[in-house]
């Protein structure tokens, strides 16, 4: 009788641990997805910088203000852009400098994403171990 009670407690503990791991894995997957979205946005921004640098000054373009809302604008300078550096401050950067900033951000996101994927794999391995333990306990 005492042995059954202990076994039941261990089962409950393992089940709760499994639920916590599952939640952590879901959060980690969402984080990785957000990182991938940020990466795609940076790649598109870098492409837009390339396009702007190849566009002649005086060319009329449509600039997005919000999702699906554009305004006509004219390119006055295709060599420099304004880059937000935080706290409402923007500084002038050349296109190559801006692309270098983006490359650095892409590298940071890639490194963090790989680290997150490694952590996710560790959680998945731990979950498999607990799953096996649960299977053994329920025999």
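Within segment 28-49, can you find the residues that are within 13 Å of residue 120 (Cα to Cα) and surrounded by 12 or more Cβ atoms within 10 Å (Cβ to Cβ)?
Looking only at segment 28-49, we keep the residues that are within 13 Å of residue 120 (Cα to Cα), and these are 28-33.
Of everything in segment 28-49, those that are within 13 Å of residue 120 (Cα to Cα) and surrounded by 12 or more Cβ atoms within 10 Å (Cβ to Cβ) turn out to be 28, 29, 31, 32.
Do the conditions hold for residue 134, that is, is it assigned to a helix (DSSP H, G or I) and touching a strand residue (DSSP E or B) at 6+ places or on another chain (Cβ under 7 Å)?
Values: assigned to a helix (DSSP H, G or I): yes; touching a strand residue (DSSP E or B) at 6+ places or on another chain (Cβ under 7 Å): no.
Against the criterion (assigned to a helix (DSSP H, G or I) and touching a strand residue (DSSP E or B) at 6+ places or on another chain (Cβ under 7 Å)), residue 134 does not qualify.
What's the number of the only condition in (1) in contact with a strand residue (DSSP E or B) (Cβ under 7 Å, 6 or more places away or on another chain); (2) in a helix (DSSP H, G or I) that residue 71 fails to meet?
Going through the list (1) in contact with a strand residue (DSSP E or B) (Cβ under 7 Å, 6 or more places away or on another chain); (2) in a helix (DSSP H, G or I), residue 71 breaks only (2).
Are there any pairs with C-beta distances below 8 angstrom linking a residue in segment 26-45 that is without any contact (Cβ under 8 Å) to a residue 60 or more places away in the chain to a residue that is assigned to a helix (DSSP H, G or I), with the two at least 6 apart or on different chains, and if so which?
As it stands, the answer is 45/102, since those pairs meet every condition given.
Within segment 81-97, identify whether any single residue is part of a helix (DSSP H, G or I) and either under 30 Å from residue 17 (Cα atoms) or touching a helix residue (DSSP H, G or I) at 6+ places or on another chain (Cβ under 6 Å) (or both), and answer yes or no. Full working, then the answer.
Going residue by residue through segment 81-97, those that are part of a helix (DSSP H, G or I) are 95-97.
Add one more test, that the residue is either under 30 Å from residue 17 (Cα atoms) or touching a helix residue (DSSP H, G or I) at 6+ places or on another chain (Cβ under 6 Å) (or both), and what stays is 95.
Within segment 81-97 (the criterion being part of a helix (DSSP H, G or I) and either under 30 Å from residue 17 (Cα atoms) or touching a helix residue (DSSP H, G or I) at 6+ places or on another chain (Cβ under 6 Å) (or both)), the answer is yes, since at least one residue qualifies.
Within segment 82-100, take every residue that is within 20 Å of residue 41 (Cα to Cα) and in contact with a strand residue (DSSP E or B) (Cβ under 6 Å, 6 or more places away or on another chain) and give me the one that is surrounded by the most Cβ atoms within 10 Å (Cβ to Cβ). Show your work before the answer.
Restricting attention to segment 82-100, the residues satisfying the condition of being within 20 Å of residue 41 (Cα to Cα) are 82-86, 90, 93-100.
Within this subset, residues satisfying the condition of being in contact with a strand residue (DSSP E or B) (Cβ under 6 Å, 6 or more places away or on another chain) are 82-85, 90, 93-94, 98.
Values: 82: 10, 83: 14, 84: 9, 85: 11, 90: 11, 93: 17, 94: 12, 98: 20.
Filtering segment 82-100 for residues that are within 20 Å of residue 41 (Cα to Cα) and in contact with a strand residue (DSSP E or B) (Cβ under 6 Å, 6 or more places away or on another chain), the one surrounded by the most Cβ atoms within 10 Å (Cβ to Cβ) comes out as 98.
Surrounded by 11 or more Cβ atoms within 10 Å (Cβ to Cβ) and more than 23 Å from the chain's Cα centre (by Cα): is that true of residue 79 in this structure? So that I can check it myself, show each step before the final result.
Values: surrounded by 11 or more Cβ atoms within 10 Å (Cβ to Cβ): yes; more than 23 Å from the chain's Cα centre (by Cα): yes.
Yes: the conditions hold for residue 79.
Residue-by-condition table, conditions (1) touching a strand residue (DSSP E or B) at 6+ places or on another chain (Cβ under 9 Å); (2) in a helix (DSSP H, G or I); (3) at pLDDT 95 or above:
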site	(1), (2), (3)
15	no, yes, no
29	no, yes, yes
39	no, yes, yes
52	yes, yes, no
76	no, no, no
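Mind telling me which of the residues 17, 56, 6 ends up being over 25 Å from the mean Cα position of the chain (by Cα), surrounded by fewer than 11 Cβ atoms within 10 Å (Cβ to Cβ) and either closer than 30 Å to residue 99 by Cβ or touching a residue at least 40 places away in the same chain (Cβ under 8 Å) (or both)?
On the way: 17 fails: surrounded by fewer than 11 Cβ atoms within 10 Å (Cβ to Cβ); 6 fails: either closer than 30 Å to residue 99 by Cβ or touching a residue at least 40 places away in the same chain (Cβ under 8 Å) (or both).
None of the others qualify; the one that does is 56.
The values are calculated or read from the model by the stated rules, or taken from the named source; none is laboratory data. These figures come from a predicted structure and were not determined experimentally. Glycine also receives a Cβ, built like all others from the backbone with ideal geometry; neighbour counts cover every protein chain displayed.
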